[in-house]
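What follows is a single structure, written as structure tokens, with notes after it.
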Amino acid sequence: MSILPAEPLLAADDIFSMSAIMVGLAWFGIWLDGTWLGRKTSGVVWVIVIGTALSNFRIIPFESPVFSFIGSYLVPLSIPLLLFKADLMRIWRESGPVIAAFAIASAGTIAGVLIGYALLDLGAIGPKVAGVYTGGWIGGSVNFVAVSQAVEMSPDEFAVAIGASSGVSIAGLMILLALPSIAAVRRFLPSRIIEDTDRGMDDREHQEAPVAFKLTHVSGALAVSFVICAVAFAVAAALALERYSILLVTVLAIVVANAWPRTLQKLEGDFQLGVFAMYIFFASIGAGTDAVSFIESAPILLVYGIVILAVHLLVVIGGARLFKIDLAQAVIGSGAAFVGAGPTAAIATAHGWKQLVTPGIMCGVLGYVIATFIGVAISGFLGGLG
């Protein structure tokens, strides 16, 4: 008999209470990042952990219209806020190593899929799961669904596969957030970007007063971001390309940023507002994770996912060391493959790596484009072996 209540204490449609918890968790994570504990472990990790605990102990539900709003509207709205100061020429100069890291990470996912398939007895569903996990962890959920349809997964097979994968994705996200804080990793993979960011944070801590948060700037940035999202989603709908709406938002935001660079460079508070939205997004990710269900649904698939994640990370770290890729760039390249464009942008913003936001999104979108084909190919290859 479970000691937990059958229903969560808060109702899914209790919009104000659910919003208060999500925003409160975001504030807590941002505050924690300014403390020694946050600098050692990352405030975002704590946001996810606490959000997961709240839902799994039945304080809040696993699903809510608030979570849907955050994923469907708040995340796209935050993308332009994070990109208004994107210098395209500088991005192209600096994105090369991130693309290389993304290629290494994709190879790591494929290696993990093949090694795990060889080590574990996955049964008849094995080739299908291998394909959808390859697609999902090079691209994203869109590719997960697309590959599952291409390999003709049944609804029950799909539910079990995605249930087992969700916890692994969360674990991968948390590990990527924490990697830059691990001293051994920092020694193995030096990072000029992290050192410069830490030095900048230290300099800001010694400033007498913070930069002003100007209402006219923030409201203007929000207005432009809404316009960008409205146009991008309308174009995506007209072209029947809804799954690539985030790509159109990104492209349009970059066009605007480079069309009026002097004006947008003067904005104050836009990037910080985008960071705040991303912390809210992380809170919703944690809250939506049913830790018990994905463990119980298919233990062998959970183990398979863990093997894939472990091999993926080993290949990324080893490849970055071999090709002398900055740790920050390796983390973003890995994130673009394993967790997708949106969470990767959030990883970059959580660590203050402004220059890596756009390369991360670009690599994440590249993953969406290629992952379905790779996943279907892996499934067909392994199915042919059987």
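Tabulated data
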| quantity | calculated |
| --- | --- |
| Cβ-Cβ under 6 Å pairs, at least 6 apart or on other chains, the range 108-128 side over 16 Å from Met153 (Cβ atoms), far side of a type in the set (A, V, I, L, M) and in a loop (DSSP other than H, G, I, E, B) | Thr109/Ile138 |
| Pick from the range 370-385, criterion out of contact with any Gly (no Cβ under 8 Å at 6 or more places or on another chain) and modelled with pLDDT under 90, ranking: nearest to Gly140 (Cα to Cα) | Phe373 |
| Qualifying position, being over 25 Å from Val275 (Cβ atoms), β-branched (Val, Ile, Thr), in a helix (DSSP H, G or I) and touching a helix residue (DSSP H, G or I) at 6+ places or on another chain (Cβ under 7 Å), among Thr372, Thr344, Thr358, Thr349 | Thr372 |
| Residue count for the range 117-175, restricted to those that are within 13 Å of the chain's Cα centre (by Cα), modelled with pLDDT of 80 or more and of a type outside the set (A, V, I, L, M, F, W, C) | 4 |
| Qualifying position, being in a helix (DSSP H, G or I) and farther than 30 Å from Arg199 by Cα, among Ala328, Ala310, Ala337 | Ala310 |
| Of the criteria (1) at pLDDT below 85; (2) within 30 Å of Gly34 (Cβ to Cβ); (3) surrounded by fewer than 18 Cβ atoms within 10 Å (Cβ to Cβ), which one Glu242 fails | (2) |
| Matching residues, the range 308-331, being of a type in the set (A, V, I, L, M) and closer than 16 Å to Arg186 by Cβ | Leu313, Val316, Ile317, Ala320, Ile325, Leu327, Ala328, Ala330, Val331 |
| Residues of the range 197-239 that turn out to be within 29 Å of Gly340 (Cα to Cα), in a helix (DSSP H, G or I) and either modelled with pLDDT under 80 or not polar (S, T, N, Q) (or both), as a count | 24 |
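A quick yes/no check of all residues on (1) touching a helix residue (DSSP H, G or I) at 6+ places or on another chain (Cβ under 8 Å); (2) crowded, with 23+ Cβ neighbours inside 10 Å; (3) at pLDDT 80 or above:
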residue	(1), (2), (3)
Gln265	no, no, no
Gly274	yes, yes, yes
Tyr279	yes, yes, yes
Ala283	yes, yes, yes
Gly288	yes, no, yes
Ile306	yes, no, yes
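The values are calculated or read from the model by the stated rules, or taken from the named source; none is laboratory data. Note that the structure is predicted; figures quoted are calculated from it, not measured. Quick reminder, even Gly has a Cβ in these numbers, built from the backbone with ideal geometry, and neighbours come from all protein chains shown.
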